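Asker: I have a structure I would like to understand better, so I am pasting it below and will then ask my questions one at a time.
The values are calculated or read from the model by the stated rules, or taken from the named source; none is laboratory data. What you are looking at is a predicted structure, and each value in this text was computed from that prediction instead of being measured. Cβ placement follows ideal geometry from the backbone for every residue including glycine, while neighbour counts extend to all protein chains displayed. Heads up: the accessible areas ignore ligands, DNA and RNA and are worked out on the full protein's heavy atoms, side chains in. Shrake-Rupley method; radii C 1.70, N 1.55, O 1.52, S 1.80 Å.
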Amino acid sequence: MSLNCVVIEPSALLEFRSKRVRHDSYHRINSDEIYQSFFKTHTCYDCMPKSGKVLLLDARLSIRKAFFALVFNSVRAALVWHSSTSLNIGLITISDFINMLIAAYDEKWNSVETLESSSILEWKQDLLKKSGINNESNNPEIIQLGPEDSLYTAISRLIKYKIHRIPVIDPLTHNFLFLITHKRILKFLYLYIYDLPQPNFIHQTLEELKIGTYDNLIVIDLQTKLIEVLRTFQSLRISALPVVDSEKRLRDVYSKFDIMHLAATHTYTNLDVPLCDILDLIHDHNTHQLVTCKMTDQLFELMDKFVTREVHRLIIVDDNQHIVGIFSMSDLMRFLVSTFENFSRTNSNTSTSNSIGPVFEGEPMDT
């Protein structure tokens, strides 16, 4: 027998053949629909990381400790586990922290001790009570996916419910596997991007495709108070705001995730400070680089920026750094799963997302 022989396990050979068949089939598909087919033929299980961090918090944990856990683990959300019923009762996210801070501020911080000592479950029950919902069982139906659900289904639900993330749950054990997001799906697609046939639109520019948000853009200046920024996040359900200087040029971007700095530094009791003071603390302007794009950039270049720079949105600017629009990962994924033939290239006044902001965030205790 040759010393250069290669031994392949039968299971590995079967997987290789199935991938080869699937890969070959892509070449028989209309190139403009190639990404739709990719999302339909791959599952959430395919997208699951081989190793990753799963954060599961007990509903009895205090809110203060819950947000410290988010900060310590550098995650934006965690699944909440109700031990009495052995059920997942939702997600706790940065949106919850924002709502808690606004409520405490409006009550002149009389409830700050309650804010720090109340449990996640008590906060959730208070939300339900204020909403007029009577839920004694603490067993709401949460939006979730199974590992065998397609990525197309995952993207469709993220878009439909206007949320950033959905928990993937094992249907047999009911174990929490991971959170699937637009970002994770796009990074998974990017692993195969050079092996797939290239659609015609991937080399078109934003100006030609008209994807993104261009009208009714919400921006803030450096003197805007932090409490006003939080109220904007809460009312418009957007996850980032461009910051402009006195000449209306882009200076920075303040996102919801930056708010976690308040929890990490215990500075959340002073919300009347101007935003410039906060930005000086969290961003080193000597090294901090804004990730922007222009209307003349091709779609493939923008996809590459999303993945390599690990951002959720790109601020579209002109040559003078004035803001033209915002192109978010939600806009991109919505475009990739839409039927390209039905997409209007001539409508320059509307976005494919028809959204009120660049990126959607779920309601408190995302369910």
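Asker: Going by the alpha-carbon gyration tensor, a ≥ b ≥ c the square roots of its eigenvalues, is region 201-339 rounded (a/c under 1.5) or, if a/c is not under 1.5, prolate (a/b greater than b/c) versus oblate?
Answerer: Details: a/c = 1.98, a/b = 1.82, b/c = 1.09.
Prolate, because a/c is 1.5 or more and a/b exceeds b/c.
Asker: Does region 148-258 come out rounded, prolate or oblate, given a ≥ b ≥ c as the square roots of the eigenvalues of its C-alpha gyration tensor, rounded meaning a/c under 1.5 and, failing that, prolate meaning a/b above b/c? List each step's numbers first, then the result.
Answerer: Details: a/c = 2.73, a/b = 1.39, b/c = 1.96.
Because a/c hits 1.5 or more and a/b fails to exceed b/c, region 148-258 counts as oblate.
Asker: Assuming a ≥ b ≥ c are the square roots of the Cα gyration tensor eigenvalues, decide whether region 37-128 counts as rounded (a/c under 1.5), prolate (otherwise, with a/b larger than b/c) or oblate. Please list the in-between numbers first.
Answerer: Values: a/c = 2.36, a/b = 2.05, b/c = 1.15.
Since a/c reaches 1.5 and a/b is larger than b/c, the shape of region 37-128 is classed as prolate.
Asker: In whole percent, and with a 1.4 Å probe on the protein chains, what portion of the accessible area of region 201-339 is carbon and sulfur? Could the numbers behind the result be given before it?
Answerer: Working: 2670 of 5920 Å².
Answer for region 201-339 is 45 percent, counting heavy atoms of protein chains only.
Asker: Which sequence of 72, 97 reflects their accessible areas, 1.4 Å probe, from the largest down? Please report the intermediate quantities before stating the final value.
Answerer: Working: 72 170, 97 10 Å².
Sorted descending by solvent-accessible area, the residues read 72, 97.
Asker: Of 254, 194, 214, which has the most accessible area and how do the rest follow, probe 1.4 Å?
Answerer: Working: 254 0, 194 155, 214 50 Å².
Heavy-atom accessible area, descending, gives 194, 214, 254.
Asker: Given a 1.4 angstrom probe, what's the average accessible area per residue across region 201-339, in square angstrom?
Answerer: Numbers: 5920 Å² over 139 residues.
Spelled out: the 1.4 Å probe surface of region 201-339, per residue, equals 43 Å².
Asker: All other residues with a Cβ under 15 Å from the Cβ of residue 319 taken together, and with Lys, Arg as +1 and Asp, Glu as -1, what is their net charge? Numbers along the way, then the final one.
Answerer: Numbers: positive: 248, 249, 294; negative: 207, 247, 297, 318.
Residues close to residue 319 contribute a combined charge of -1.
Asker: Moving on to the next point. At 1.4 Å probe size, what's the solvent-accessible area of residue 71? Round to the nearest 10 Å².
Answerer: 40
Asker: Can you tally the net charge around residue 180? Count Lys and Arg as +1, Asp and Glu as -1, for every other residue whose Cβ sits under 10 Å from the Cβ of residue 180. Show your work: numbers first, answer last.
Answerer: Details: positive: 157, 165, 183, 184; negative: 149.
Spelling it out: positives minus negatives among the neighbours equals +3.
Asker: Whole number in Å², please: accessible area per residue of region 31-198, 1.4 Å probe, ligands, DNA and RNA not counted.
Answerer: Working: 8280 Å² over 168 residues.
Here the residues of region 31-198 average 49 Å² of exposed surface.
Asker: What is the Å³ per residue value for the convex hull set by the Cα atoms of region 31-198? Intermediate values should be presented prior to the final figure.
Answerer: Working: hull volume 23.1 nm³, N = 168.
Once divided by residue count, the hull of region 31-198 is 137 Å³.
Asker: If you don't mind, another one. If ligands, DNA and RNA are left out, what is the accessible area of residue 305 with a 1.4 Å probe, given in Å² to the nearest 10?
Answerer: Probe radius 1.4 Å; accessible area of residue 305 about 60 Å².
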